[in-house]
Each structure stands twice: as C-alpha cells, then as structure tokens.
Amino acid sequence: MATSTLGSAWGPLRLGVPGLCCRRPLRGLWARAWRLSEPVASGRSVAAASGLGASGTDRYCLELLRKRDYEGYLCSLLLPAESRSSAFALRAFNVELAQIKDSVSEKTIGLMRMQFWKKTVDDIYGDNPPHQPVAIELWKAVRRHNLTKRWLMKIIDEREKNLDDKAYRNIQELENYAENTQSSLLYLTLEILGIKDLHADHAASHIGKAQGIVTCLRATPYHGSRRRVFLPMDICMLHGVSQEDFLQKSQDRNVRDVVYDVASQAHLHLKHARSFHRSVPVKAFPAFLQTVALEDYLKKIQQVDFDLFHPSLQRKNTLLPLFLYIQSWRKRY
C-alpha cells in the first residue's frame with residue numbers, strides 16, 4: 001500500500017448495501033434509469049421515460065449527456081420531475097464547454113468558442129437566446145429558476161483559462177479549477193432544487209473539488225495517449241516522479257504514491273462534505289448523488305493499489321444505476 005504524505009485520512013470506503021437481496025424489486029426512477037442505461041434507447045424513448053417533453057432541444061441535451069456525461073445523466077434522472085429538464089440543460093451546457101479543449105487544434109479557435117458561450121449567456125439573460133439546442137434549454141432553465149449568472153460565467157472563464165496545456169502547479173490549483181467548474185455546477189443545481197442553505201453550499205464546494213480531482217485522475221490515461229500530463233507538479237516532485245513516468249505508464253512505487261496522494265485529497269473532500277450531512281436539507285441530497293460514482297472510483301483505485309492504468313478502472317460500472325437509486329432511496333449522499 002502506498003504511503004500518503006498528505007495525511008492518513010484514507011479509511012474504508014462505503015458502498016455496501018446490506019440486505020439488498022431481501023427487498024422487493026425496485027421500481028419507479030430506478031427502473032427508468034436501468035432502461036435508459038441500455039444503448040438501444042432512442043432519443044424519443046429516452047425523453048419519454050425521463051418524464052420530459054419530446055421537443056428536439058430536450059432530446060439533444062439528453063443524448064449529449066447520455067454519450068458524454070453518463071454519470072451526470074443518471075444522477076439527473078433521480079432529481080424531482082420538475083427539476084430534471086433544467087438539470088439536463090445545465091449539464092449539457094457543461095459538456096459543451098468541456099469538450100471544446102479536445103475538439104480544437106488551435107487555442108485561438110477554442111477562445112472563439114468560449115466567446116460564443118459568453119455572448120450566449122448574456123443573450124439568455126436578455127431573453128434572446130441563439131437557435132442552439134443547449135442554449136434554448138438553458139434559457140428555459142434560467143427563466144424557470146432564476147439561475148445566478150455569475151456561476152455560469154465562472155464555469156466559462158475557468159474552462160477558458162484551462163485551454164492552455166499546462167500541468168497544475170500544485171493541488172490547490174487543481175482544487176481552484178474544480179471549485180470554479182464542478183462546484184459552480186452544483187451551486188446552480190441547488191438553485192434548480194430551490195435550495196438556499198450555507199451548509200449545502202459548503203458540501204457542494206467539497207464535492208465539486210472531489211469531482212475535479214477524480215476527473216483529473218480518470219482522464220490521465222487518455223491525456224497520456226496525447227502526451228499530456230496534468231497531475232499536480234508539486235506532488236510529482238515530492239516523490240521524484242516526472243511526466244515521462246506517466247507517459248510510459250510506469251508501475252514504480254513512486255508513481256503509485258503520487259496517485260495515492262492525489263486520490264487521498266479527493267477522499268478527504270468527500271469526508272468533509274459528509275460532515276455537513278446532518279445540517280444539509282434533505283431536499284438538497286439529490287444534487288449530491290455524484291458522490292456515489294466518485295466513491296466507486298476511489299474504491300476501485302484502492303483495490304488495484306493505485307495503479308492508475310489498470311484496465312478495471314476503464315470499465316463502466318453496470319451497477320452504478322442501482323447504487324445511485326439506493327442512495328437516493330436512503331436519502332444519503
């Protein structure tokens with residue numbers, strides 16, 4: 001087992017569901033989530049099963065999420081029916097921004113696309129959205145829930161700064177990026193649910209940071225295939241590990257120690273988020289269901305002794321819809 005330099009907070013990760021086999025078959029949203037996880041679902045059937053309208057813009061957001069943010073797609077299904085379409089629009093907006101970096105060959109083009117979304121947000125708040133599916137759905141969400149413009153612009157600004165292919169200098173820099181993107185997304189999700197609560201905001205901040213750190217870890221094999229490494233340089237230097245070690249998929253203990261330290265920070269943020277559990281309104285819990293997927297990944301990476309390139313980490317967890325439903329049913333995050 002690798003040894004952390006950032007503290008010994010890594011404890012047993014809880015994903016077990018005692019007594020599950022004794023319960024009657026699960027129904028309702030879980031049944032829909034299970035059906036929607038199947039690749040054969042058409043756009044029309046997806047929209048219908050989700051309780052959403054059958055408009056083309058609805059279907060566009062649904063399909064975009066199902067293909068590009070599957071975990072976020074499943075989590076959104078478990079939100080209250082009146083909030084689902086807005087959550088899909090919000091996450092689709094996030095996906096549109098996230099894929100800009102990997103879809104452009106020049107930074108200038110990426111900046112132009114970010115500028116398009118900045119103007120789009122301005123136009124949305126001026127009740128004049130462009131004829132783009134995600135923009136139209138986001139406009140509906142903003143009107144329905146009076147979403148805070150500042151959080152949307154923060155996500156764009158941070159993604160724009162991240163167009164530079166530079167590794168994070170330290171773990172705090174990675175956390176700041178996660179706060180301005182993933183946590184901002186959660187603040188908006190809380191607004192969709194009608195939640196204004198300081199404890200919920202604190203939990204959202206920590207969960208967003210955990211999400212950003214885990215995303216950085218999960219994306220490392222993909223980035224490595226493109227000869228890029230974004231893991232925090234301070235932790236790499238601490239263990240005498242170079243970017244080339246990750247590009248060569250090194251199995252050295254020092255490389256695993258880097259992964260352990262980074263993963264430990266994500267685990268600590270989950271623990272901090274859960275420390276507010278008794279103070280956070282139960283109505284806010286659905287916004288935090290992504291902790292199930294985060295914990296699942298952290299458990300898996302612990303089981304393979306922090307081998308970031310282990311094949312099991314690249315496989316989709318077919319039981320994730322079940323775990324998500326159970327956490328939703330138990331009203332926990």
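(1) under 26 Å from Cys75 (Cβ atoms); (2) surrounded by 15 or more Cβ atoms within 10 Å (Cβ to Cβ); (3) out of contact with any Leu (no Cβ under 8 Å at 6 or more places or on another chain); (4) of a type in the set (Val, Ile, Thr): which one isn't true of Thr318, the others all being true?
All conditions are met except number (2).
Which ranges mark the helices (runs of 4 or more DSSP H) fully within segment 93-186 that have 2 or more residues being within 19 Å of the chain's Cα centre (by Cα) and at pLDDT 95 or above?
Answer list for segment 93-186: 133-145, 149-161, 171-178.
Name the residue that is most open to solvent (accessible area, probe 1.4 Å), counting only residues in segment 277-304 that are in a helix (DSSP H, G or I) and among the aliphatic types (A, V, I, L, M).
Quick first cut of segment 277-304, residues in a helix (DSSP H, G or I) only: 282-288, 291-303.
Next cut, among the aliphatic types (A, V, I, L, M) only: 282, 284, 287, 292-294, 298, 301.
Values: Val282: 81, Ala284: 0, Ala287: 7, Val292: 5, Ala293: 9, Leu294: 1, Leu298: 1, Ile301: 0 Å².
Filtering segment 277-304 for residues that are in a helix (DSSP H, G or I) and among the aliphatic types (A, V, I, L, M), the one most open to solvent (accessible area, probe 1.4 Å) comes out as Val282.
Consider Leu313 carefully, then state whether it is part of a helix (DSSP H, G or I) and either closer than 18 Å to Gln182 by Cα or of a type in the set (Gly, Ala, Ser) (or both).
Values: part of a helix (DSSP H, G or I): yes; either closer than 18 Å to Gln182 by Cα or of a type in the set (Gly, Ala, Ser) (or both): no.
Against the criterion (part of a helix (DSSP H, G or I) and either closer than 18 Å to Gln182 by Cα or of a type in the set (Gly, Ala, Ser) (or both)), Leu313 does not qualify.
Considering segment 263-309 alone, what residues qualify as being in contact (Cβ under 8 Å) with a residue 60 or more places away in the chain and acidic (Asp, Glu)?
Glu295, Asp296, Asp305
Residue by residue, here is whether (1) at pLDDT 95 or above; (2) within 20 Å of the chain's Cα centre (by Cα) holds:
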site: Gly194; (1), (2): yes, no
site: His206; (1), (2): yes, yes
site: Gly212; (1), (2): yes, yes
site: Leu217; (1), (2): yes, yes
site: Ser225; (1), (2): no, no
site: Val258; (1), (2): yes, no
site: Leu270; (1), (2): yes, yes
site: Ala284; (1), (2): yes, yes
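Can you tell me which residue is nearest to Lys316 (Cα to Cα) among those in segment 198-210 that are out of contact with any His (no Cβ under 9 Å at 6 or more places or on another chain) and open to solvent by less than 40 Å² (accessible area, probe 1.4 Å)?
Filtering first and then ranking leaves Ala204.
Could you say whether any residue in segment 243-250 is in a helix (DSSP H, G or I), at pLDDT 95 or above and open to solvent by less than 40 Å² (accessible area, probe 1.4 Å)?
yes
Inspect segment 257-265 for any residue being more than 14 Å from Leu217 (Cα to Cα), surrounded by 15 or more Cβ atoms within 10 Å (Cβ to Cβ) and touching a helix residue (DSSP H, G or I) at 6+ places or on another chain (Cβ under 6 Å) and give the result as yes or no. Give the steps one after another, and end with the answer.
Taking segment 257-265 as the starting set, the residues that turn out to be more than 14 Å from Leu217 (Cα to Cα) are none.
No, because not a single residue in segment 257-265 is more than 14 Å from Leu217 (Cα to Cα), surrounded by 15 or more Cβ atoms within 10 Å (Cβ to Cβ) and touching a helix residue (DSSP H, G or I) at 6+ places or on another chain (Cβ under 6 Å).
Are there any pairs, at least 6 apart or on different chains, whose C-beta atoms fall under 7 Å, with the first in segment 140-166 and closer than 20 Å to Val95 by Cβ and the second open to solvent by 70 Å² or more (accessible area, probe 1.4 Å), and if so, which?
Listed pairs, sorted by first residue: Val142/Tyr125; Lys149/Tyr125; Leu163/Lys107.
In segment 227-242, what count of residues is obtained for those that are more than 27 Å from the chain's Cα centre (by Cα) and open to solvent by less than 20 Å² (accessible area, probe 1.4 Å)? Lay out the reasoning, then the answer.
First, the residues of segment 227-242 that are more than 27 Å from the chain's Cα centre (by Cα): 237-242.
Now drop any that are not open to solvent by less than 20 Å² (accessible area, probe 1.4 Å), which leaves 241.
The total comes to 1.
The values are calculated or read from the model by the stated rules, or taken from the named source; none is laboratory data. Note that the structure is predicted; figures quoted are calculated from it, not measured. Cβ atoms come from the backbone with ideal geometry, glycine included; neighbour counts cover every protein chain shown. Heads up: the accessible areas ignore ligands, DNA and RNA and are worked out on the full protein's heavy atoms, side chains in. Shrake-Rupley method; radii C 1.70, N 1.55, O 1.52, S 1.80 Å.
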